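Below is one structure; the comments refer to it alone.
The values are calculated or read from the model by the stated rules, or taken from the named source; none is laboratory data. In this text the structure is predicted, and so the values were computed from the model without any measurement. Here the Cβ is made from the backbone with ideal geometry for all residues, glycine too, and neighbour counts use every protein chain on show. Side chains are part of the model used for accessible areas, which takes the heavy atoms of the whole protein and leaves out ligands, DNA and RNA. Shrake-Rupley method; radii C 1.70, N 1.55, O 1.52, S 1.80 Å.
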Amino acid sequence: MSRKRALISDAFNLKKRKNGTEQFGATAAEEGPADIKSSLEYLMTLFPRKLFNDALPQIVLKHQLYSIHSDRTLVDKELNKMRERGDLLMFQLGFDAEAFGLVFTSDYKAKVLVGEEGKTTQTTVERFLEKVVTVCTDLSFTKDKMLKEFLFTDSEITQLVKSGVLTVRDAGSWWLSIPNSGKFTKYFIKGRKAVLNMVKKSKYGEVLKAEIEERRTNSQVKFHMKYHIHDIVGAELVESIPTTSGTLLRFVDS
Amino acid sequence: MLGFLTARRAGLDDPLRLRRAESTRRVLGLQLNPDRDVDRIHGNGINTIDIEAVEGRYMLSGGADGVIVIYDLENFSGKLQYTCKAVCTIGRSSRYVHKFSVETVQWYPYDTGMFVSSSFDKTMKVWDTETLKPAEVFQFEGNVYCHHLSPIARKHSLIAVGTTNPKIQLCDLKSGSRIHILQGHRAEVLSVRWSPRYEHILATASADSKVKVWDVRRASGSLFTLDQHNGDKSKASSEAVNTAHNGRVNGLCFTGDGLYLLTTGTDDRMRLWNSATGENTLVNYGKVCNESRKRLQFTVSRGCSPEFVFVPCGSSVAVYTLHTGELVTMLRGHYNNVDCCEFHPDYQVSSSDLSPNNLGAQAVKFVLLLFCCCLVKHSACVDRIGSS
């Protein structure tokens with residue numbers, strides 16, 4: 001949109017980038033909206049597939065994107081656009097009201113169908129994936145909706161819960177979920193706690209990001225260190241401070 | 001900046017645009033002013049401040065010890081170094097002083113002859129500024145968390161009062177009656193705010209996580225309840241509906257034009273709502289630290305081009321851009337927790353007060369940029385713009 005007059009906020013250049021050519025330390029480059037998909041794909045590569053024997057699709061948490069892009073509202077808008085197009089699925093992971101998991105639809109469908117090979121629940125799950133997941137972008141479903149809109153019977157709903165595609169949320173409503181994701185949640189929470197402790201136990205409760213990425217991970221941390229760092233920065237469990245030696249992560253006491 | 005000045009001189013731009021540009025520039029350059037200070041009268045923390053709307057000259061402050069002080073912000077001494085003097089005080093020695101901490105103070109919107117204060121001693125007092133005696137005392141059954149007088153009301157003179165009782169009382173200044181009650185909340189009401197756009201619209205926030213918008217002319221209940229998921233039940237973690245936050249809602253603020261409403265809650269989130277439809281605009285401010293068990297007094301700038309929100313956050317004030325949610329800066333300068341902020345449209349003063357954990361801590365520190373009001377009237381010439 002071309003403007004006849006410039007916006008006042010542009011004149012004061014709210015997004016100041018003082019560094020011309022020199023960049024102190026290691027800084028993450030500012031990316032535009034089109035690059036949210038590429039940062040999603042980058043985060044997906046950090047997900048350890050071997051750990052789960054390739055049974056799980058690659059899961060990324062929504063707040064990990066906040067650690068890469070500074071404008072959260074823009075990230076939210078882009079994600080909603082992708083969800084509406086049907087490229088991306090969002091899940092309520094259960095351990096935190098604000099932690100949403102993101103999975104590419106194609107990945108999800110592929111893995112679920114592979115997992116359902118040869119089981120009795122296979123046809124119901126296939127029908128569910130086709131009819132519901134493709135059409136509806138909701139995170140949860142109520143009994144009314146399942147029975148009337150999507151025409152599933154009670155026994156079929158039980159089959160879906162058994163297969164892991166639906167998880168109980170409340171009496172008569174279910175979350176959309178990823179089958180066999182319990183292991184993921186367990187390792188994730190343990191790893192997050194371990195990484196947070198590493199930051200907390202450092203001198204002054206702060207550590208350089210570059211340094212902690214290089215550290216040897218103990219047995220509690222199963223995921224890539226960078227995966228956890230993006231998570232704790234995005235969830236604001238640590239403060240990310242730019243310094244001349246790179247980004248500093250400081251533990252936030254709340 | 002020169003571009004704006006030239007355009008104003010040549011008549012290419014509206015005068016308002018230059019004023020907005022200058023206000024925005026000042027807000028972006030806000031810093032602690034080492035030259036201005038305020039008289040230290042309060043021994044304990046300050047819970048609330050209010051700057052009068054008429055001239056922007058007098059400031060009221062209410063403290064945790066029940067003391068109320070009025071300061072004169074104007075600097076007639078001609079010197080740069082200046083301490084704002086306290087004009088008068090309702091101290092512990094006064095017969096009519098509040099027994100416990102003063103939670104809210106507010107000037108009468110039309111002149112400084114009167115102000116209203118409410119306190120944890122379960123009373124709300126309407127004071128005469130001349131004699132410093134209460135003209136009217138309203139008694140309540142529970143602690144009064146907040147009250148608010150509509151800044152634009154012409155047809156009514158109601159004071160909305162939020163107490164530990166879930167019912168909101170409307171007290172009439174003219175007749176002294178308090179029969180009008182708004183029912184709907186299920187827990188204590190932590191904050192009430194009249195809309196600066198429509199004199200009959202009132203927003204209330206409560207510890208039951210709900211924010212309700214009322215039209216006081218209606219006989220039936222609230223107009224609508226704000227829902228953080230915008231009706232999309234699938235996102236909520238349980239079947240409980242229509243909550244504005246996932247914890248207590250303790251801060252409410254309308255924007256200057258009354259089109260948007262900001263709410264803060266103890267779930268460490270701040271949300272921006274469209275005040276006409278009640279829709280959550282889904283602007284993501286990130287984690288807005290909120291540990292207050294009472295009302296959180298925060299403020300929105302008026303007259304800047306991207307509007308800014310000033311929220312007390314620990315011992316500093318966080319400044320966010322209103323519509324994009326970006327954290328612009330943190331204003332540091334206080335030694336202890338900041339309790340409330342107020343925005344002065346001419347001076348871009350963001351006065352923040354604090355509650356000390358130990359006695360004898362700072363009273364008020366001003367963050368001030370000097371400003372000359374004739375900026376808008378004379379096109380090119382700006383007498384003195386000093387920033388520190």
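Among the residues of segment B:1-13, write down those that are part of a loop (DSSP other than H, G, I, E, B) and within 10 Å of another protein chain (Cβ to nearest Cβ).
The initial filter retains those residues of segment B:1-13 that are part of a loop (DSSP other than H, G, I, E, B), namely B:1, B:11-13.
Answer for segment B:1-13, where residues must be part of a loop (DSSP other than H, G, I, E, B) and within 10 Å of another protein chain (Cβ to nearest Cβ): B:Met1, B:Leu12, B:Asp13.
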May I ask you to verify whether B:Tyr285 is facing chain A (nearest Cβ under 10 Å), of a type in the set (Phe, Trp, Tyr) and either farther than 24 Å from A:Ala99 by Cβ or buried (at least 23 other Cβ atoms within 10 Å of the Cβ) (or both)? yes
Condition check for B:Glu199: outside any strand (DSSP E or B) and either of a type outside the set (Gly, Ala, Ser) or in contact with a strand residue (DSSP E or B) (Cβ under 6 Å, 6 or more places away or on another chain) (or both): yes
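Looking only at residues that are among the charged types (D, E, K, R) and either within 13 Å of another protein chain (Cβ to nearest Cβ) or crowded, with 18+ Cβ neighbours inside 10 Å (or both) in segment A:91-139, which one is farthest from A:Leu65 (Cα to Cα)?
Within segment A:91-139, the first condition is being among the charged types (D, E, K, R), and the residues that meet it are A:96, A:98, A:107, A:109, A:111, A:116-117, A:119, A:126-127, A:130-131, A:138.
With the extra rule that they be either within 13 Å of another protein chain (Cβ to nearest Cβ) or crowded, with 18+ Cβ neighbours inside 10 Å (or both), the set shrinks to A:96, A:98, A:109, A:111, A:116, A:138.
Details: A:Asp96: 17, A:Glu98: 14, A:Lys109: 23, A:Lys111: 24, A:Glu116: 31, A:Asp138: 21 Å.
Here the residue is A:Glu116.
Are any residues in segment A:77-90 part of a helix (DSSP H, G or I) and surrounded by 18 or more Cβ atoms within 10 Å (Cβ to Cβ), and if so, which ones?
So the first thing to find is which residues in segment A:77-90 are part of a helix (DSSP H, G or I), and the list is A:77-85.
Once the filter is applied, which keeps residues that are part of a helix (DSSP H, G or I) and surrounded by 18 or more Cβ atoms within 10 Å (Cβ to Cβ), segment A:77-90 yields A:Glu78, A:Leu79, A:Met82.
Right, B:Gly56: within 14 Å of chain A (Cβ to nearest Cβ) and under 26 Å from B:Ser305 (Cβ atoms) or not?
Numbers: within 14 Å of chain A (Cβ to nearest Cβ): no; under 26 Å from B:Ser305 (Cβ atoms): yes.
Answer is no for this residue.
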Residue check, A:Ser70 against (1) of a type in the set (S, T, N, Q); (2) within 14 Å of chain B (Cβ to nearest Cβ); (3) without any contact (Cβ under 8 Å) to a residue 40 or more places away in the chain, all met but one. Which one? (3)
With the requirement that a residue be open to solvent by 10 Å² or more (accessible area, probe 1.4 Å) and under 20 Å from A:Ile8 (Cα atoms), what does segment B:307-319 give you? B:Glu307
From the list B:Ser23, B:Ser94, which residue is over 25 Å from the mean Cα position of the chain (by Cα) and within 30 Å of B:Leu149 (Cβ to Cβ)? B:Ser94
Just for segment B:289-306: of the residues that are more than 10 Å from every other protein chain (Cβ to nearest Cβ) and of a type outside the set (S, T, N, Q), which one is most open to solvent (accessible area, probe 1.4 Å)? B:Arg293
Here the residues within segment A:217-254 that are acidic (Asp, Glu) and open to solvent by less than 50 Å² (accessible area, probe 1.4 Å) are A:Asp231
Among (1) under 26 Å from B:Arg154 (Cα atoms); (2) exposed (fewer than 14 other Cβ atoms within 10 Å of the Cβ), there is one condition B:Arg186 misses while meeting the rest; what is its number? (1)
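Limited to segment B:246-280, what total is found for residues that are at the interface with another protein chain (Cβ under 10 Å from one of its Cβ atoms) and either touching a residue at least 40 places away in the same chain (Cβ under 8 Å) or within 16 Å of the chain's Cα centre (by Cα) (or both)? Steps first, answer last, please.
Restricting attention to segment B:246-280, the residues satisfying the condition of being at the interface with another protein chain (Cβ under 10 Å from one of its Cβ atoms) are B:246, B:267-269, B:272.
This time we only want the ones that are either touching a residue at least 40 places away in the same chain (Cβ under 8 Å) or within 16 Å of the chain's Cα centre (by Cα) (or both), so: B:272.
So the count comes out to 1.
Of all the residues that make up segment A:42-55, how many are more than 24 Å from A:Gly164 (Cα to Cα) and open to solvent by 50 Å² or more (accessible area, probe 1.4 Å)?
Within segment A:42-55, the subset more than 24 Å from A:Gly164 (Cα to Cα) is A:42-43, A:45-46.
Those still in the list that are open to solvent by 50 Å² or more (accessible area, probe 1.4 Å) too: A:42, A:45.
Result for segment A:42-55: 2.
Please go through segment A:56-74 and pick out each residue that is open to solvent by 50 Å² or more (accessible area, probe 1.4 Å) and assigned to a loop (DSSP other than H, G, I, E, B).
From segment A:56-74, those open to solvent by 50 Å² or more (accessible area, probe 1.4 Å) are A:70, A:74; that's our starting set.
Correct list: A:Ser70 only.
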Here the residues within segment B:106-132 that are open to solvent by 20 Å² or more (accessible area, probe 1.4 Å) and aliphatic (A, V, I, L, M) are B:Met114, B:Leu132
Hey, which of the strands (runs of 3 or more DSSP E) in segment B:208-327, taking only ones fully inside, have at least 2 residues that are aromatic (Phe, Trp, Tyr)? B:308-313
Scanning segment A:178-210 for residues that are open to solvent by 20 Å² or more (accessible area, probe 1.4 Å), in a helix (DSSP H, G or I) and under 19 Å from A:Gly115 (Cα atoms) gives A:Gly182, A:Lys183, A:Thr185
Return the total of residues in segment B:19-47 being open to solvent by 10 Å² or more (accessible area, probe 1.4 Å), within 14 Å of chain A (Cβ to nearest Cβ) and hydrophobic (A, V, I, L, M, F, W, C). 2
Can you tell me which residue in segment B:61-85 is modelled with the highest pLDDT, limited to those that are among the aliphatic types (A, V, I, L, M) and open to solvent by 30 Å² or more (accessible area, probe 1.4 Å)? B:Ala64
Enumerated strands (runs of 3 or more DSSP E) restricted to segment B:126-192, each holding at least 1 residues that are polar (S, T, N, Q) and under 19 Å from the mean Cα position of the chain (by Cα): B:158-163
Tell me, which residue of segment A:140-177 that is within 14 Å of chain B (Cβ to nearest Cβ) and either of a type in the set (Lys, Arg) or under 20 Å from A:Val114 (Cα atoms) (or both) is most open to solvent (accessible area, probe 1.4 Å)? A:Lys143
